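The structure appears right after this line, and notes come after that.
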Amino acid sequence: MRTRSQTLASPLFRKILFSAFALIIATVGSADYLMTRYTGERELEQVQKNLELALRIYAGELNQLKNAELEQWARRADGQANARITVIDAGGAVLAETRHERGSMENHARRPEVSTALRGGIGIAKRHSSSLGVDFLYVAQPASTAESRSVVLRLAVPLASVNEALGEVRGRILRASLLLALLALIAAYVYTRGLTARIRAIQSYAESLANERLAEGAELNESGKDELGVLAESLRRMARQLREVVDLLKVESGRREAILASMREGVLAVDEELRVTFCNEAFLRAAGTPDAPAGPVPVVQLARTPAFLGLLRQVLTSGRTVRDKLPLAPVSGRSYEIYAEPLGIGGQKGALAILHDITELERLERVRKDFVANVSHELRTPLAAIRGYAETLLDGALEDQEYNRKFLEIIRSNAIRLTNIASDLLVVSELEQERGEQEPASEVGVHEVVEAALRTVESAARVRNIRVEIGPDSGLKVKGQRFRLEQALVNLMDNAVKFGKEGGVVRVESRQTEGGLVEVDVADDGIGIPSEDLPRIFERFYRVDKARSRAAGGTGLGLSIVKHVAEVFGGTVRVKSEVGQGSTFTLSLPAA
Ligand code: ADP
């Protein structure tokens, strides 16, 4: 509720009220003035009429009187009519006078009312009486007495008594006017107060629209049928529409935020002063900053790389899109392709940067290059040997009974090596493709696959006098392609035989873990692997001892195939090894 003093403080209220007051006072004032004047005139007219009537009556009485009786008659008539009575003869001499000493009175022939009456008319005058010293209303008419044919009979009343009567009437009119004015003022005050209150209510509702909650919960109890009512309805409609638009915008911006937040690309928006106006999680991760900035912090607090800051500056000054590849936080070792473009929102300049993590792409590119280099290197050696021995044979060694057969055998073993490399490469490439597309998998019994692999490595084991022991069938099953698992086990067991101790033992055991995994160990008691080589032995073409591996017919691709197979099966492969003690490779695959 608005208090009285608040209402009075309202400029609009004061203006309307002041105007109403001025209007009322002017209207009542002028009505009062006109009525007073009109009533005054009417009152004077009435007094005048009465005097004229009395004149006519007294003129009749005068006819019968002698001049000596005039004085006495006049006094009686004065008492009756309560009016000053004067009788003046044609020469202007006063014959009778009721309110003054007759003898001392001057000639009255020149008095306007008397001179009019002497000419036969009714003379009327309002004048200050020099005889009595007060204002009088005089009315005179010609008359006659028994002795004089032409006299003037004059009646007069003091204006003071008329004014007195008038004053009373004026007083009444004034009181009525004041009462009327007061009532009008009260009505104007009440009306203005009501009007101001309605306008105030609309005003505060409109103000509340400007705040964030858009007059949520605010009520506008204005239901008038006039312009204010229509205005209030328009405001209510506007508030509804605004709320709808704001809700829509909230949903829209929420959706946009969610999209930006879930994007794998880092997104950063900055203003002209390089202050962060928006950034998503991916950007924070890329910049290595754990917490989202509170407010528009300078971008340098998030990403310090001068190249990145320079790139943003370049976009801001040139107004053009800039693309570059650079690391954002050099410590992380990750590199990004950055696409930055100018951003202009609401007349404010800024820049938007989108960061695409290309670390993996670059790594793959490197791997691909290394691979091509490795392959050509791997192929070069056997090819050179084949060519060299073939040329030697052609150059005459063919006839040399002692060496020709030996040379041909070398050529054959290198050709076998090339074939091995080619078939292993084929397997690697197949496995790489399979990783992408899920092929139909079936349940595979681990024990039977181990037995099959054993048959493949048996002869090689026999050559090195190695005993291969396989554990009992415990019915374990994994899901995948049988021949792939066999390939992996053959590679592991073949390595164990190759690098195992001559006359030693290779053990193959399988078990199920609590985590639902089937683990197959292939353990030998051979040369072992130096710890510095352990992290790299699953790489393609990586070999600890190249000469030994080649001598044993290895391609350097065996373990990388095992790793691929493990991944295709959804599992892993790991190794434990000690130089001179032996190695244990463990395939860990999800149980079927
Ligand atoms: P390779 O064809 O040379 O055997 P792999 O990829 O199978 O290639 O193995 C890579 C290297 O890992 C081998 O050259 C060897 O040096 C080492 N290695 C693999 N298995 C064993 C093992 N059981 N004992 C010792 N060294 C091993």
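The values are calculated or read from the model by the stated rules, or taken from the named source; none is laboratory data. Keep in mind it's a predicted model, so treat the numbers as computed, not measured. With ideal geometry, Cβ positions are generated from the backbone for all residues, glycine too; neighbour counts draw on all protein chains shown. Heads up: the accessible areas ignore ligands, DNA and RNA and are worked out on the full protein's heavy atoms, side chains in. Shrake-Rupley method; radii C 1.70, N 1.55, O 1.52, S 1.80 Å.
Summary of values
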quantity: Solvent-accessible area per residue for region 439-592 (1.4 angstrom probe, square angstrom); calculated: 47
quantity: Under DSSP loop assignment and at most 15 Cβ neighbours within 10 Å, longest GluC sites (Glu not before Pro)-free interval of the chain; calculated: 274-401
quantity: Amide H contacts under 5 Å for L274, placed H, 5+ residues apart; calculated: none
quantity: Charged-residue dipole, Cβ positions (Lys, Arg, Asp, Glu), region 213-256 about Cα centre, Debye nearest 20; calculated: 340
quantity: Sulfur and carbon atoms: percent of accessible area, region 213-256 [1.4 Å]; calculated: 56
quantity: Selection from L343, S332, A176, by position along the positive dipole direction of the chain (Cβ); calculated: A176
quantity: Cleavage-rule hits (trypsin sites (Lys or Arg not before Pro)) in region 257-299: DSSP loop, at most 15 neighbouring Cβ within 10 angstrom; calculated: R264
quantity: Heavy-atom surface of region 359-437, accessible at 1.4 Å and reported per residue (Å²); calculated: 70
quantity: I338 accessible area, assembled protein chains, probe 1.4 Å, Å²; calculated: 0
quantity: Prolate/oblate/rounded call for region 346-502, Cα gyration tensor, a/c under 1.5 rounded; calculated: oblate
quantity: Surface accessible to a 1.4 Å probe, per residue, for the residues of region 39-166, Å²; calculated: 50
quantity: Label-point gap, in nm, between K325 and T456 - each point 7 angstrom along Cα→Cβ; calculated: 3.9
quantity: Pairwise centroid distance, computed over Cα atoms, of region 73-144 with region 414-430, Å; calculated: 161
quantity: Accessible area of F21 in the full protein assembly, 1.4 Å probe (Å², nearest 10); calculated: 70
quantity: The chain, Rg to Rh (Cα coordinates; Rh as Kirkwood inverse mean 1/r); calculated: 1.69
quantity: Cα gyration tensor shape of region 233-284, rounded if a/c is under 1.5, else prolate or oblate by comparing a/b with b/c; calculated: oblate
quantity: Distance violations [Cα-Cα > 20 Å] among K498/K576; K406/K501; K501/K563; calculated: K406/K501; K501/K563
quantity: Accessible heavy-atom area order of K49, K15, highest first, probe of 1.4 Å; calculated: K15, K49
quantity: Apportionment of accessible area to carbon and sulfur, region 287-367, percent (1.4 Å); calculated: 55
quantity: Extreme residue, positive dipole direction of the chain, given options N491, G570, F538 (C-beta unit charges); calculated: G570
quantity: Extended-chain gain in nm, criterion 0.36 nm per residue less alpha-carbon gap, R368 and K126; calculated: 73.7 nm
quantity: Residues whose placed amide H lies under 5 Å from that of K126, excluding near-sequence neighbours; calculated: Y138
quantity: Area of L174 that stays accessible when all protein chains are in place (1.4 Å probe, Å², to 10); calculated: 90
quantity: Estimated [θ] at 222 nm from DSSP helical runs (n ≥ 4, -39500 (n - 2.57)) normalised by residues in the chain, nearest 500; calculated: -18000 deg cm²/dmol
quantity: FRET efficiency, R110 to R200 (Cβ-Cβ, R0 60 Å, nearest 0.05); calculated: 0.20
quantity: 5 angstrom amide H check on F541, placed H, neighbours 5+ away; calculated: L557
quantity: Electrostatic dipole magnitude of the chain [Cβ: Lys, Arg +1; Asp, Glu -1; Cα centre; debye, to 20]; calculated: 3020
quantity: FRET efficiency estimate (nearest 0.05) - Cβ-Cβ, Q581 to R236, R0 60 angstrom; calculated: 0.10
quantity: Share of carbon and sulfur in the accessible heavy-atom surface of region 119-173 [1.4 Å probe, %]; calculated: 50
quantity: Shape category assigned to region 213-256 from the gyration tensor of Cα positions, a/c cut at 1.5; calculated: prolate
quantity: Extension reserve of the H356-S318 stretch, reckoned as 0.36 nm per residue once the Cα distance is removed; calculated: 11.4 nm
quantity: Gain on full stretching of the segment that runs from Q46 to E147 - 0.36 nm per residue minus C-alpha separation; calculated: 33.1 nm
